[in-house]
Each structure stands twice: as C-alpha cells, then as structure tokens.
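I have placed the structure first, in the form of structure tokens, so that the comments after it can refer back to it.
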There are 6 protein chains.
Amino acid sequence: MNGPVIVRTIERPAPDVVSSLAAAGVATVHEAAGRTGLLDPVIRPIQEGVSIGGPAVTVLCPPGDNMMLHAAVEVVQPGDVLVVATTSASTDGMFGDLLATSLARHGCAGLVIDAGVRDVADLREMGFPVWSAAIHAQGTVKATPGSVNVPIVCRGVRIEPGDVVVADDDGVVVVALLSAEKTRAAAVERLAKEEKTRERLRSGELGLDFYGLRQKLDELGVRWVDTAGDV
Amino acid sequence: MNGPVIVRTIERPAPDVVSSLAAAGVATVHEAAGRTGLLDPVIRPIQEGVSIGGPAVTVLCPPGDNMMLHAAVEVVQPGDVLVVATTSASTDGMFGDLLATSLARHGCAGLVIDAGVRDVADLREMGFPVWSAAIHAQGTVKATPGSVNVPIVCRGVRIEPGDVVVADDDGVVVVALLSAEKTRAAAVERLAKEEKTRERLRSGELGLDFYGLRQKLDELGVRWVDTAGDV
Amino acid sequence: MNGPVIVRTIERPAPDVVSSLAAAGVATVHEAAGRTGLLDPVIRPIQEGVSIGGPAVTVLCPPGDNMMLHAAVEVVQPGDVLVVATTSASTDGMFGDLLATSLARHGCAGLVIDAGVRDVADLREMGFPVWSAAIHAQGTVKATPGSVNVPIVCRGVRIEPGDVVVADDDGVVVVALLSAEKTRAAAVERLAKEEKTRERLRSGELGLDFYGLRQKLDELGVRWVDTAGDV
Amino acid sequence: MNGPVIVRTIERPAPDVVSSLAAAGVATVHEAAGRTGLLDPVIRPIQEGVSIGGPAVTVLCPPGDNMMLHAAVEVVQPGDVLVVATTSASTDGMFGDLLATSLARHGCAGLVIDAGVRDVADLREMGFPVWSAAIHAQGTVKATPGSVNVPIVCRGVRIEPGDVVVADDDGVVVVALLSAEKTRAAAVERLAKEEKTRERLRSGELGLDFYGLRQKLDELGVRWVDTAGDV
Amino acid sequence: MNGPVIVRTIERPAPDVVSSLAAAGVATVHEAAGRTGLLDPVIRPIQEGVSIGGPAVTVLCPPGDNMMLHAAVEVVQPGDVLVVATTSASTDGMFGDLLATSLARHGCAGLVIDAGVRDVADLREMGFPVWSAAIHAQGTVKATPGSVNVPIVCRGVRIEPGDVVVADDDGVVVVALLSAEKTRAAAVERLAKEEKTRERLRSGELGLDFYGLRQKLDELGVRWVDTAGDV
Amino acid sequence: MNGPVIVRTIERPAPDVVSSLAAAGVATVHEAAGRTGLLDPVIRPIQEGVSIGGPAVTVLCPPGDNMMLHAAVEVVQPGDVLVVATTSASTDGMFGDLLATSLARHGCAGLVIDAGVRDVADLREMGFPVWSAAIHAQGTVKATPGSVNVPIVCRGVRIEPGDVVVADDDGVVVVALLSAEKTRAAAVERLAKEEKTRERLRSGELGLDFYGLRQKLDELGVRWVDTAGDV
C-alpha cells in the first residue's frame, strides 16, 4: 500500500463484449464465468426491470465519507459503471440525486455500492440505475481520503478497474477483464443451449429425463414409492 | 429415517376448499387456523399483488443442490404449490426460469422456497408466482439426493404433502389437510364479520368502543389525561 | 414512570411548517436538522412514490399486543402520523386494513411502526401510507397496556408527541417540535442551494471543483496517477 | 387446534438410551440420526463445557409472556429438558434464576429456549444448563395462554413431548422418541468407528487416502499441479 | 442543534444510590425502573462475571471516528461510565488498550459502546470492563467532530449525562438521574421479595400456586389433560 | 478459470517475519498494513486468549461440502494456517475433531473458516485454534470439487496462498506475502511507539494534548461549555 491514489486511465474491454455480456444477464454470465464473480445478494437494485453492463471504475471510501465519489466523476468515461466499497461496513447514504446528475451528465451507466443511497424517488425518476446495500438518508462527510481505480473487494468479490460489471434484477456479477471475451463466448453458447432446453420443457419433457437424472437418483439410492404408506 | 425417497401420490384437499382459502388470503387464513401455520416473514414474494393457493408438494434439498426440484416436477399435479426447504440454511439460486417453464407447463400454481431464486425478471414476465428467502443468481449442483413429498419444516412451520398453502403479499401460511375444511369455514365466517367491522369503522365508530376496550384499559390501570402536564 | 397513560391533547406544529417539511423530503430535512432524527433504515415503506408529513401521535405497545393502537385512534387529529414502538423487538403484524380504515376515517396521514403490518395489498389499494420494520401476518392480542402520546424511542430516534414526522421512499425522519420552524427555514434554503448545484452539475461542472475538493485531496496526500503502473 | 392445553403425562424414552445419546454428543447424534433434528445455530449455550440429555417437555408461549413456563414446572419429571418456543420471534428474557431454582428443585436437567434468558451470572453459578437464542434482561408478562407438551417447531425442528434432547457446546439436537433406540445404536457404532479413524489420523494417514477421495477428485476433474504457475 | 459541543460538568447521582443499583444488577434494576432503560441485547460484555455501575458520561461520534473519546477522557470523573453512540451504525474498533489505559488512570469504571472495540485480550487482562456491539480491530480516524455529555440514543435507549448505568452479564440498563433514588428503593424492595420467592421455590412450592396462576389459566380457557390422547 | 485445482507448493514468508507479525497481534498488524486485510468481525475465535500466525493455505469449497479440506491436509506444512471460504454463504459444520487431529498431526497452526465448525469442546480440549463464522453440528458431504491454494476472498479480504495470517481475540488479519517484511517493520515500530504512548497515558497525560486534538477540535468548531445550561 502506497497511500491513497486516483488512477486516471484504465484499460477497458471491447464495447461489443460488454454489450453481449449485459444482454446475457447476471445469471447466465455467472454460469458462463464458471460460477464466479457474483456479489452477495445483500446488494439489491433500487428499481425493477433494469439491466446494465459496463467497465468498472472502482472507488474505495472510508465509512460515512463520500469525497472520493466526487473524484471518481472526473475519471468516469461514458458507459462505465461506478463500483463503490467502504473500508468497513456502513449503510450511510453516500450517494444521491446530485451525484447521480453529475454521473449521468458524464455518461456513467450506473452505480453498484456496498453502502446506502438516498433520494431514491429522484433516482428512479431520473432513470439512473443503482444497486446498493441499503436505502438510507444518513448524510456523509468529505474528510478522509480513499482511492479510485484500485483493486477492491465488494461484497465477496475482488474487482479490478476495467472488469466488466453486469447488473439486473438478479443482482450483480463481475467478469475479469482478461476473461471477458471467453466468458462472452460461453454466455452466448449457454443462451442458445438454454433456449433449446426451454423449448423442450415447454413441450412437456422432464428435466429428470434429458439431464439423465433418473439413473443418477437411482445410483444415489433414492427410492420412488407410490404413497407415504410405502415409505 | 429410511433414506431419500420420492413419494408419487399424495392426498389432496377438495378444490373448493383450496379456492376458498386462497380467496380469504394469508392474514385471514392465519386467524381462522387459530394463528398457526405462518411462515417467518423472511419469505417474501418476488412480485406484488399476486395471491395463490394450492396443495403442497414438498421438497427437501441439500444446500446448493437443486436435483430434487427436477424430481418434483414429475409428481406435481395442476394446481399444486411446490414448497422447498433445505437441510441447512442457504440463499443459493436453486430455481430459475427453466424450472419455472417446466412447472408452469405441468400446471404448478407457484413456488415457496426457503432459499434463493434467480431469473426473477423472467419469472415476473412469465407470471410464475414465487415466494423466496432471497434473490440470488448463485448456481447450484445436482450431486446429493433429498426427498419429495415427505414432511418438512419450512421457516418455522411443519408442512406435510397435501397441506393447503396460501400465499399473497403478506407472506405464506399453511393449513393442515385435516383442518382445511374447518379452517375454510372459520375463514368465511371471519370475512363476513370483518366486513361488518369495516363498515362500522368506516362510519367513524371506534374499535375502543365496540371491542369493549375502554373498560379493559380501565381495569388494567391505564389513565386518560388531558395533557402531558397531567402525567 | 407513573404507569400506562393516554394523553388526549398534544401541541402540534403550524400546518404550513409541516407541509414545507413534507415537501422538502426526508434527505433534505435530515440535512436541515443537522443530520439528526433519522430512523434506522430497517424501517421501509410498503409502497413506492409516496411522501407524507405530519405531527407525531406516539404509541408504545408491548410486543405482540395492539390494544393501544385502538386507544390512539381516539386521540388522532386529521393530518397526524401515528408512530408506534414496542417495548421489545417484534415483527408481529400489529396493524392491518381494519385499523387503517378507522385511522383513514379520522384523517390520519399515515403510519410509522417498528413492528410488522399485514393486509398490505389492501393498504396499498386503500392508499394508506405505511412505513414498517416488517410485513408479517402474525396476529396479536389485546391483553397488556401501553401508552399513547408519551416520549418514545423508535429505531434509534427519540420522538415526542407533536414532533414532525416526514416519510418518503428514503425512510423516516423526525424533527423536534421546537426546531420545526428553524429546520423548515434551513430546508427551504438548502433546496434552493441544491437546485443551483444541480444546474451546475447538469452543465458538466465537477463537484471536485466547486466543492474545492482538489486542494483538499492534495493536502490529504492523495496522489493522481495516469495508470495503474504508476501506483 | 382445540385451544391452549397442558398435557400432564408424556411417554419418555428409556433412561439408558437417553444417557447413551447424551454421552455421544450433539454432532455424533446428529449424524447417527441421518443428519436430522439439529436446531439452528442461533441457539447457543450460555456456559462452556456442559452437555446434557433428556426427554423434552415442550412449551409454546406467546412472545413476551412466560406464564406457561410456570405451568410446565408442574409436569416436569427429574431428568427432563424443558424446550420452549414462542408463537412469533422474541428475544425477551422469559427465564431467570427464580424459574431455574424451581426447575432445579424438581430435577429438570436444563433448558432450551428460542427466546432470551436473564440472570445468567446466577444461572452459571447455580450450574443450571441453558441454551438460548439471546441473553436479554427484558421482563415479560403473564397474560396470554399457551400450551405445554404439545408438538412444537423450535428453530427449524419439529419436537414432540418425550423426544430426546441432547445439548452441548455444539448446540442442540433432537431425536424422535420412536427413533431413539435405533439412533443410539448408530451413535455407539459411529463413536467406535470415529475412534479408529482418529487413531489413523493421529498416526499421520490422510483422509484423502482412507476415504478413497484421491480417485474421486480425479473422476471429478480436479487437477493436482506443483505450483501456481502450472494452473 | 447548536453544533458539536463538549459539556465539562454534569450532575451526578449520589454514590450510595449508584452502588445500590450496581449491586442489584441489570435484571432487577430494569424491573425496578418499570421495565425501562434496557439496551438492545446486541450490546454484550467482552468479559464474564463482571458488574459495574456509575454515572454516564455520554459521547456521540461519527462512524469510524474516535476523536471525541479523547475529549471525553478530560471530563470523566472517577466512577463514571463512558457511554458511546455513533451517528450511524458502525462496528469499527473505536476503542482499545491505549484509551482504556487512559480512562483507567482517570478512574473510569468502564465502557458501554454501540460500536466495536479491539485489543480485547489486553482489556481483559487489564480488567477494564467493556460492553460493546462488536469486537473488531478496524482502525478509526480523528477527523470529524461529535459531542460529549449531550443526550444520546444508544441501542434503543435515551441516555442523558449523569444517568445511572448498570452493566453485568445480562447486558446494560440505564436509570434516569431523576428516578435513581426511587428506582433504588424499588430495587431493594424487589431483591428482598425475590429472596423470599426463591426460598419458597427451593422448598418445592410451585409458582403456579403462589402467583395465583391456576385460576388465571382456568379463566383463560387453558385445559389440563392427562395425556396427548385427551387433547 | 480453468476448473478445480490443487496447488501443491506455495511460496512462504520467512519464519521470523511470520513470528514477529504473530507477536504484534491483529490490531497492530492491521494498522501496520495501512489498515488493510482485516476480515469481517463475523469471524470469531472459538477459544479465548490464543493468538497464532502463519502462511495461508487456502481452500475454496462448495457450501455443505468438505472434501477439499481433506485434500488440503496433504499440502499443509508445519506452521501453516488453513483458510477456508465457500462459494456461497453457509454455516454448515465443515470441520470437526477428526480433521483437527489430522491437521495437528501435520503441524498446522490453526484454522480460519467462513463457515461452521463442530466438536468445539474437543477442539478446545485439543488446543487446536479455530476462528469461524459459526458453531454448527450440521454435517457435510464429499461430492463436489473445489480448489486448494488458489486466491480466495474470505469475508471481505482477498487472500493468496502464502499470505501471512494473524489471528487472536480481536479476529483475523491477512498480510500479502510481498508486504510482509515491510509490514513487520512497521508493526515493530508501532509497538515501540504505542509503548511510549501507553506510558504517557498511564502517567495521566491526555491524548487530547499529545495528539494535538485541542486545536483540531477548535478548528472544527467544537465548543467547550461548563454545563448543559450553556449549550
């Protein structure tokens, strides 16, 4: 650790990779990424029916202090997703409609924050997408420094600047920049496969059959009986 | 315990009893059942304004393993509600749009699960009703067996296959199959009584008066004073 | 402590002060009040997009007992907000559509309760605004006395009868009756100032600049570097 | 439901079965019972190094009301374990040194309670063993009835009067009266087997080898590499 | 609110009142105070078997900032108990062995803090009594002001400087300065009464009898039956 | 991600660096490391008064599956600390006295696990040090693979194999292998400085004075008043 730092320039993934991952959605990307990168379900959307994707601009703040969010606005590029962690747990409302106005003006795609947000009625009306750990009007100070665009851990996941963040009604998943292209390919493949599966299930086929689970249940000693009396 | 088992056939309540209970709603059924059978409020709907009722098909799964949900699809009858518990606490996303497609195809009325679900945007769009302990995209495996249609404990309530499950915006309540008819009668009576009470309250009468609480407060030593200065 | 008591008459703030505070919203009022009076974020609205304000009628109940809510209806005046705490933690559904019908009939503006509520589909349909710690159908009794219009502590905040309660999508804040006028003035001033800030942020100016944070970051030893390699 | 009831006489397991299960301890009994009957880990001992076992005398109380505990004292037999659940969640201190004095006088072996206890310094000094969900001095009332010796659900487990309760530093497990003898046999067998395993592990053998896990890891596709560089 | 302030001199209760209340213990004082003043059970002792009492010196800190604790040391008098709340929830380790050394040197009787503490091995060895919401080594800053000796709300209880704090293995209770003498008298009376009750219970009498609960159970409709078959 | 893997050989820090860090303790190391590396306070010791330090052998397990712990035993070297995370939240008792016997036999210094442990009475008696998220007897399976000696995130901290783990009554902190030497130096320096501070505090000096806080409080607008009346 060399003290607090703001990194101006980060490497970003190719836009088409980002948009493919965003389109695939959190659950599919999580699967395509080998079931890694999923934030704890405590992080929830403040709106319904919105999904986003973009490169992570990371921010690390002291609890109850949102000064570094202002610094982050300067380095955000259009399409980026701001991802905020605090050095210790806090639900203070570090983010509201003013910061959202500024971020939106600079093209930011949305916010993921392991802390609280406020002015949520305004945020919903503005259409600025947010995933947060809490809704809390509690005010914060601008007194103690943190960092921007350094690696952070956010609710169980290590995130580096430029990693791809995908967020929707299911939560938030992060794909490492280096794996983004490979994960995109796996996600596309998975979507195609799922569509076929969906068709078979719609037609009435049973997962039990086409996943080959009948035999597996048998091998594992699960008995089928007709009624409770046969147990 | 005789090991994992899948019971194919269960006894179910009369359809008109089920539909009456569903129409009465969770709060009324809970009262009509002598204030029993209510699941812990951690179980929440993923949608608003939907209410369902149906016989329980129960599933007991290991944490992080959804294999038995596939087995349950085979034994579900139209109108049934799938009720899922895990052998230890887990918020993993055991259920998503593929299983919902399959269950919907076989007429399942909805899902109550003490674990996580994913693809919630799809589930809402499909109109497949779900009550769950979490929304979490975390994937699960199909490696360890469990049981279908055995008695389970789900968030504080013992549930037997065929018990009536009622779920709405207030949560989930379960009525034992044997008490269903009696509870239905009590619920119908209660609804009528509540309607009369509602009319009186709408007209401005006070609960204090027609519940006879003035005298009770008096007996219990509660004093009425005009202002704080009189305390 | 002189035992349970119901205080009939309380001092109330001027209606225009209340309506100004309600219009300013929770986050602004919390700031205008010197960042005091905010309830813990566990208290959440059961509806979206609704904001209210009014003088507090306070109720202190034993856990699992809603008798005092009925007593409170008698002393509620049009525009009041009922604020309910329990003597120990409980999520029981102490409040439902019948009590809401009665309170609405007597002009009550809404409910803030550190416990559970039920019949939420009805409450939403009636348009009776509620902020609660839980949604839970669990029934309660009318057996043990409490008090109405005494000072209470509700989720971290001391509330006296007649204090101004403001509640919206961000949560609930309470302003002491004595500070209401001063807080209103500060809130109005703050709204004007925020509007100017919003304009500047919309035009692309950075908070970093007009909050004077660049120099502060510098003084605090935060370094700006071009790329991660320079860290 | 036929209303509140106190059942005076219950069937109890053979004393030697109880003492064998108590000696085996919670973890072993849980395994011997097919991994069933374990209470949620929220239930913790208030003392260290104590283990007990005995038939369950069950009590169901309203939250914040300990009247039924007094009724339970009358039906407790020497060696019994009192197991207490509430009809909804509560941490109130329902139990303290006076009730413990009374229960100890009548030979009760200990208490398991899904609520709070108080006077814990006294309880520890008396040596009256307690497992509870909380330590809380909050007082309770004696106003609303409940039941004694009816089936209850306590933190995830259905318990019938006379079931065997075993509690130690690991928590609490319950064995159905009907399965007690069989579970005892399985526990004894398991203890012997574990002792042999322990000897082999003490001698330096690896679980990897004698559980046959090397081959399993192989089949499941786990790769062994020498250094991180080989990943 | 007139901004942050440190009040040097506070009114304190008579020493013999404090020592009587401390000797009575948390549960008894809570009862003697009409069941008021008890902190939430989240506040737990870091040591076993220690009980203290003393006048409260109150401290209000921003989350993650312990500057005001240093200011508090200057105003602490021998026998005082430091009671610390934060303006929003935090478990940061605001207090450790250095502050404890300083407080002990100035005669402080102990600490109650709704946040985290660290160096707990040292604190236990020094014998400096602490009740806290968490044990957490997380460091804090000294950047943002708070207040000393102002009224605070600490885990559900309003505390004014000079109020009597009593803490033991059961938790923490606070008695208002004005009620201290009256509460002491009630506590002494209660202890005498409890001792008599204890004697009767030790001799085998049942609470059911001498609390008059048999008749009450009868009136409330509780039935006594011999066996489950009679239910 | 290239699938599950077990890495046999890892780089380890110099033994004297490890022992110095262990001797400094969690709070000091956390400070010396620039306030990084501290695990969430949910991870608690199962024993009191024990402190350890050692290189991390990391294990990533599926929830409810402890197969990889057995694999880890093969790669553990004397002095290592096993650090275990699960792919999603679980409190299952993945570790007990048999695994402890095996690890102790191979010289393992202790266990840090973000899950449950069981047989804690045995673990305490054996003197095998454990820090865990829960004590829970719940059994686990050996069915699904994970990895050993890969980077993991454990309760908010990224841990690489070979990083230095220090654990004591305050919790657990992790220092990156590359920073270990530098952090050790900072810790040693800090201990010396703290000892001087301790002496000054013992002699009665105030932190307010020698931290220079009087002036700071002044600059921040904190007022000193004599009595509450002056506020």
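I'm told B:ASP114 meets every condition in (1) crowded, with 24+ Cβ neighbours inside 10 Å; (2) more than 26 Å from D:THR87 (Cβ to Cβ); (3) charged (D, E, K, R) except one. Can you identify the failing condition by its number?
Checking B:ASP114 against (1) crowded, with 24+ Cβ neighbours inside 10 Å; (2) more than 26 Å from D:THR87 (Cβ to Cβ); (3) charged (D, E, K, R), the one that fails is (2).
What number goes with the only condition from (1) out of contact with any Lys or Arg (no Cβ under 9 Å at 6 or more places or on another chain); (2) within 27 Å of A:ALA192 (Cα to Cα) that A:VAL81 does not pass?
All conditions are met except number (2).
Can you pull out the residues in segment C:71-98 that are farther than 28 Å from D:SER90 by Cα and either surrounded by fewer than 24 Cβ atoms within 10 Å (Cβ to Cβ) or within 11 Å of chain B (Cβ to nearest Cβ) (or both)?
C:GLU74, C:VAL75, C:VAL76, C:GLN77, C:PRO78, C:GLY79
Looking only at segment E:196-215, how many residues end up being more than 7 Å from chain D (Cβ to nearest Cβ), surrounded by 13 or more Cβ atoms within 10 Å (Cβ to Cβ) and of a type in the set (Lys, Arg)?
Qualifying residue count for the region: 2.
So, B:PRO55, is that one crowded, with 21+ Cβ neighbours inside 10 Å, farther than 25 Å from A:ARG214 by Cβ, more than 12 Å from chain D (Cβ to nearest Cβ) and in contact (Cβ under 8 Å) with a residue 24 or more places away in the chain or not?
On the way: crowded, with 21+ Cβ neighbours inside 10 Å: yes; farther than 25 Å from A:ARG214 by Cβ: no; more than 12 Å from chain D (Cβ to nearest Cβ): yes; in contact (Cβ under 8 Å) with a residue 24 or more places away in the chain: yes.
It is false that B:PRO55 is crowded, with 21+ Cβ neighbours inside 10 Å, farther than 25 Å from A:ARG214 by Cβ, more than 12 Å from chain D (Cβ to nearest Cβ) and in contact (Cβ under 8 Å) with a residue 24 or more places away in the chain.
Name every residue in segment E:161-186 that is away from chain D (no Cβ under 14 Å) and part of a loop (DSSP other than H, G, I, E, B), in order of residue number.
Those that are away from chain D (no Cβ under 14 Å) and part of a loop (DSSP other than H, G, I, E, B): E:PRO161, E:GLY162, E:ASP163, E:ALA176.
In segment B:99-111, how many residues are open to solvent by 30 Å² or more (accessible area, probe 1.4 Å) and facing another protein chain (nearest Cβ under 7 Å)?
Going through segment B:99-111 one residue at a time, the tally reaches 1.
Applying the selection to segment C:221-230, what residues are part of a loop (DSSP other than H, G, I, E, B) and surrounded by fewer than 16 Cβ atoms within 10 Å (Cβ to Cβ)?
C:GLY221, C:ASP226, C:THR227
So, in segment F:117-133, exactly how many residues are within 7 Å of another protein chain (Cβ to nearest Cβ) and surrounded by fewer than 24 Cβ atoms within 10 Å (Cβ to Cβ)?
1
Taking the criterion of being among the hydrophobic types (A, V, I, L, M, F, W, C) and either more than 10 Å from chain C (Cβ to nearest Cβ) or within 18 Å of the chain's Cα centre (by Cα) (or both), would at least one residue in segment A:135-145 satisfy it?
Just the residues of segment A:135-145 that are among the hydrophobic types (A, V, I, L, M, F, W, C), to begin with: A:135, A:137, A:141, A:143.
Within this subset, residues satisfying the condition of being either more than 10 Å from chain C (Cβ to nearest Cβ) or within 18 Å of the chain's Cα centre (by Cα) (or both) are A:135.
Within segment A:135-145, one or more residues are among the hydrophobic types (A, V, I, L, M, F, W, C) and either more than 10 Å from chain C (Cβ to nearest Cβ) or within 18 Å of the chain's Cα centre (by Cα) (or both).
So which residues in segment F:153-184 are of a type in the set (A, V, I, L, M) and open to solvent by 50 Å² or more (accessible area, probe 1.4 Å)?
The answer is F:LEU178, and nothing else.
Would you check if B:THR144 is part of a helix (DSSP H, G or I), at pLDDT 95 or above and either closer than 30 Å to D:ARG35 by Cα or open to solvent by less than 30 Å² (accessible area, probe 1.4 Å) (or both)?
It is false that B:THR144 is part of a helix (DSSP H, G or I), at pLDDT 95 or above and either closer than 30 Å to D:ARG35 by Cα or open to solvent by less than 30 Å² (accessible area, probe 1.4 Å) (or both).
Among the candidates D:ASP65, D:ASP40, which residue alone is in contact with a Lys or Arg (Cβ under 7 Å, 6 or more places away or on another chain), at the interface with another protein chain (Cβ under 10 Å from one of its Cβ atoms), open to solvent by 40 Å² or more (accessible area, probe 1.4 Å) and under 25 Å from B:GLY156 (Cα atoms)?
It is D:ASP40.
Taking the condition under 26 Å from A:LEU39 (Cβ atoms) and among the aliphatic types (A, V, I, L, M), does F:VAL130 pass?
no
Only one of E:LEU201, E:LEU217 is among the hydrophobic types (A, V, I, L, M, F, W, C), in contact with a Ser or Thr (Cβ under 9 Å, 6 or more places away or on another chain) and closer than 29 Å to D:VAL120 by Cα; which? Write out each step before concluding.
Details: E:LEU217 fails: in contact with a Ser or Thr (Cβ under 9 Å, 6 or more places away or on another chain).
Among E:LEU201, E:LEU217, only E:LEU201 is among the hydrophobic types (A, V, I, L, M, F, W, C), in contact with a Ser or Thr (Cβ under 9 Å, 6 or more places away or on another chain) and closer than 29 Å to D:VAL120 by Cα.
Looking at the structure I just gave you, is F:ARG158 assigned to a strand (DSSP E or B), modelled with pLDDT of 95 or more and basic (Lys, Arg)?
Values: assigned to a strand (DSSP E or B): yes; modelled with pLDDT of 95 or more: yes; basic (Lys, Arg): yes.
So F:ARG158 fits the description; yes.
Looking only at segment A:1-33, filter to residues that are open to solvent by 50 Å² or more (accessible area, probe 1.4 Å), within 15 Å of A:VAL175 (Cα to Cα) and assigned to a loop (DSSP other than H, G, I, E, B); which one of those is nearest to the other protein chains (Cβ to nearest Cβ)?
Restricting to residues being open to solvent by 50 Å² or more (accessible area, probe 1.4 Å), within 15 Å of A:VAL175 (Cα to Cα) and assigned to a loop (DSSP other than H, G, I, E, B), the top hit is A:GLU11.
The values are calculated or read from the model by the stated rules, or taken from the named source; none is laboratory data. Since we're looking at a predicted model, the values are computed, not measured. Backbone-built Cβ (ideal geometry, glycine too); neighbour counts: all protein chains shown. Surface areas here come from the heavy atoms of the whole protein model, side chains and all, with no ligands, DNA or RNA. Shrake-Rupley method; radii C 1.70, N 1.55, O 1.52, S 1.80 Å.
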